[in-house]
1. Yes or no: ASP317 among the charged types (D, E, K, R) and in contact with a helix residue (DSSP H, G or I) (Cβ under 7 Å, 6 or more places away or on another chain)?
2. Please determine, by comparing only the residues of segment 186-200 that are more than 10 Å from the chain's Cα centre (by Cα) and of a type in the set (Ser, Thr, Tyr), which one is surrounded by the most Cβ atoms within 10 Å (Cβ to Cβ).
3. Out of (1) open to solvent by less than 10 Å² (accessible area, probe 1.4 Å); (2) closer than 30 Å to LEU347 by Cβ, the odd one out for TYR120 is which?
4. Could you please tell me which pairs satisfy a Cβ distance under 6 Å, a separation of 6+ or placement on different chains, a first residue in segment 246-271 that is of a type outside the set (Ser, Thr, Tyr), and a second residue that is assigned to a loop (DSSP other than H, G, I, E, B) and buried (at least 22 other Cβ atoms within 10 Å of the Cβ)?
5. Quick one: would you say LYS289 is open to solvent by 10 Å² or more (accessible area, probe 1.4 Å), basic (Lys, Arg), under 30 Å from PRO90 (Cα atoms) and over 19 Å from the mean Cα position of the chain (by Cα)?
6. How many residues does segment 35-88 contain that are open to solvent by 30 Å² or more (accessible area, probe 1.4 Å), in contact (Cβ under 8 Å) with a residue 12 or more places away in the chain, out of contact with any helix residue (DSSP H, G or I) (no Cβ under 8 Å at 6 or more places or on another chain) and outside any loop (DSSP other than H, G, I, E, B)?
7. Which one of these is in contact with a Gly (Cβ under 6 Å, 6 or more places away or on another chain) and at negative phi: VAL118, VAL114?
8. State which residue pairs qualify: first residue in contact (Cβ under 8 Å) with a residue 60 or more places away in the chain and inside segment 131-142, second residue hydroxyl-bearing (Ser, Thr, Tyr) in any location, beta carbons under 9 Å apart, and separation of 6 or more residues or different chains.
Amino acid sequence: MSRVALPDFPWDSLAGAKAKAQAHPGGIVDLSIGTPVDPVPESIRAALASVSEIPGYPTTHGIPELRTAAIEALSRRHGIEGVPEAAVLPTIGSKELVASLPRQLGFGPGDLVVIPEVAYPTYEVGVLLAGASLLRADSTFALGPQKPAMLWLNSPSNPTGRVLGVDHLRKVVEWARERDVVVVSDECYLALGWESEPVSILHPSVHGGSIDGLLAVHSLSKSANLASYRAGFVTGDPKLVAGLLEIRKHSGLIMPRPVQEAMVAALKDDEALVVQRERYARRRLVLRKALLDSGFEISHSEAGLYLWSTRGESALDTVDWLAERGILAAPGTFYGPTGDRHVRIALTATDERIDAAVERLASA
């Protein structure tokens, strides 16, 4: 059996820059990965512990309370209507789903999967693991006569923070339906709009009354600080979700029962979401100003947890420039060839570390 050739894990290549940043007298300010640093809300921790004594296997489809809480949160927070409860499927975080989704949907050799030009690296990994063909494109026009099996959208984007408008999303959906293409929208940052309001592909203004052929991927890692819990879900077309459920039953891809309970609490707690948004908004405000004042340009970045930034030079040169000041960022080359002059700078650091980065940029 042939072995799948995967690209090197991107963050491993940052070892040199990380060592340089760590040598700074004030210590490293790590803005490269984007892992949450704020505490998990007490209500979620209490929910996690409340079912810790249950010994039996959890259900792959998730407890009914979890599916209901997801449907209600999608409606309350994002105006999504018309998704049946059975069409919610918990996932062990979103990354494992992204990496396996093309294969779980039945795509493989001979199938074409489209991902954004600048994209989360795991989209590419998922295509490679399925043995399918990959195309990077930000518009259906760029596809010409090619008919993909599956098309990824990501709004708000990781890494660029770009938000796709309703008209753009609607046109993609219409184009895909004419060609029987599955559209999957990564919406893990949907609750973190700053300069514009992100819209889900499952919003009625986009799908026009039918969610057939559409899937949306959601995560609580950033909005509720649950990265360590591995808490996400996929929802949309009931037939597609049912097919994924059967595969995941056979594969043992089951979210632990305590995490399911924690997700229920997180999906019900809008106040905790507001508090976390305010933390990120403050960090974004001061860090964005410091970057602009020190000569950076910031592209897109109207939503999400990253500032897509450039100094008009190669991404690796900018990573090195920042590392000399004790700041670690991710080069745009991690996300595709056209990211070669940008770096992704995360907002996920404590207030103290963000302030340290601001001070260092001010004295640059």
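The values are calculated or read from the model by the stated rules, or taken from the named source; none is laboratory data. Note that the structure is a prediction, hence the values are computed from the model and not measured. In this analysis, Cβ positions are derived from the backbone assuming ideal geometry, glycine residues included, and neighbour counts consider all displayed protein chains. Side chains included, ligands, DNA and RNA excluded: accessible areas come from the protein's heavy atoms. Shrake-Rupley method; radii C 1.70, N 1.55, O 1.52, S 1.80 Å.
1. Working: among the charged types (D, E, K, R): yes; in contact with a helix residue (DSSP H, G or I) (Cβ under 7 Å, 6 or more places away or on another chain): no.
So ASP317 does not fit the description; no.
2. Selected residue: SER200.
3. The one condition TYR120 does not meet is (1).
4. Filtered contacts from segment 246-271: GLN260/GLY62; ALA266/LEU220; ALA266/ALA224.
5. The answer is no for LYS289.
6. 1
7. Going through VAL118, VAL114 in turn, the sole match is VAL118.
8. ARG136/THR338
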